[in-house]
Amino acid sequence: MPKLFLLATLLIGISACTSSINDKLVKEYDKSLKFFNQEKTDHIAYEFTLSTSSVMSGYSTSTTFLVQDGNILKRSFKEMSTDWETNEQVESNSWEERGADVGMNYSAHEVITLEQIYRRIPNLIKVDTNQNYVYFDAAHKGVVSIGGYFPRDCADDCFEGYNIQNFRWVDNLQSALSPSIANNQAEVTIVNPGMDRKYQESLEFFMSEKLNYRGYKFTLDFESAEGRNGHSTSFTVKNGRVVSRAYKGFRYDWNIEEQVEDESWTETGANIGLKNQGFPPISIEQIYKVIPTLIQRDSLENYIYLETKHNGVLSMGGFVDKNCADDCFEGYNISAFEWIE
């Protein structure tokens, strides 16, 4: 009996310790969110940068957003790679989007605001601290600077969350909208005119056909090259807005040598976009906008795909680098599509 009591006490202590760590992070998050919502009423807009980096490859990116009243006015991207001869980072790509063009480029962080990031962070910091290193900080004078976690058993590029750099409040919008980086995107030439015509025909068909329906449903799939792990995200769209997002993950169970469902959930209403798994909220209209940047690639260096198997509606668009061996598809694989009458 004493041993059982001691074991129970120990387990309670461990649980309490884990809970207290999470509680502290949640309190810091609540304080930061409250400060951000109060402070933004005193300013015209804000600007922030999301960054990623890989220790082993020496590759890093930064995406800067200018946001006013929840709308992204400008998105700037910079890509850096390591020159291993000099051991220095050099800029390999950069571009800038404004207004209606925001979201057209694929090679960057998703189009997102700090309000949306704040909504997602609770799911990133409420994870098992016995299996993950959990982080939340508000180093930008009270505004979030990092929120997420590292699995303890992962060696590189394992951070799940948001690393926010260079945050600032904006009170002079004209100055913030002045050119910040050179647009290095050369005038794009059509690599495959036949593919471009196919894209235009599909887009015109979709835009015409959708007038006859209340909305549509579609599913985006991701599957590893070996086909053992992956996920699907299903969307319902009405009046151009995502009204539901459903996720289903699967993994390969080596014990039974079959794929098994790993996790599933559905978001609706104000909860759409809260969870970090799966594809972010997106409509077919938005995907059509991005497709030209995915298929206008050098066909000598990439395998390029454009398919319209859903009775004329887009079913696949993207490319695979010919020098890449695994999980290299950049684009959208739309496995299911149906109109809502």
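The numbers here are math on the coordinates, done by the rules we state, and not lab data. Being a predicted model, the structure only gives us computed values, none of them experimental. Cβ sites come from the backbone with ideal geometry, for glycine too, and all protein chains shown count toward neighbours.
For the reader, a short list of remarks on this structure follows.
- Each of Phe48, Phe35 has some number of other Cβ atoms within 10 Å of its Cβ, and from fewest to most they run Phe35, Phe48.
- According to the calculation over all Cα-Cα pairs in region 247-313, the P(r) per 10 Å bin from zero is 14, 27, 33, 24, 2 %.
- Global size of region 193-340 as Cα Rg and Dmax, reported in angstrom: 16.4, 50
- For Asp262, residues with placed amide H under 5 Å, excluding near neighbours: Gly249, Phe250, Arg251
- Entries of Lys34/Lys248; Lys198/Lys322; Lys141/Lys289; Lys78/Lys238 with Cα pairs more than 25 Å apart: Lys34/Lys248; Lys141/Lys289; Lys78/Lys238
- Reach of Lys126 by Cα under 15 Å, taken over aspartates and glutamates that are not fewer than 8 positions away in the same chain: Asp23, Glu28, Asp30, Asp137, Glu160
- In units of the compact-protein estimate 2.2 N^0.38 Å, region 135-177 shows a Cα radius of gyration of 1.59.
- Sequence of Arg152, Arg168 once ranked by neighbouring C-beta atoms within 10 Å, starting from the fewest: Arg152, Arg168
- Rounded to 0.05, the FRET efficiency of the Glu258 and Cys158 pair, given R0 = 35 Å and the Cβ-Cβ distance, is 0.85.
- Taking label positions 7 Å along the Cα-Cβ direction at both Glu201 and Val26, the computed distance is 5.6 nm, reported to one decimal.
- Around Ile125: net Lys/Arg minus Asp/Glu count, Cβ-Cβ under 12 Å: -2
- The order of Tyr46, Tyr135, Tyr213, going from fewest to most other C-beta atoms within 10 Å of their C-beta, is Tyr213, Tyr135, Tyr46.
- Residues whose amide H falls under 5 Å from that of Arg297, counting only those 5 or more places apart or on a different chain, are Val191, with hydrogens built in the peptide plane.
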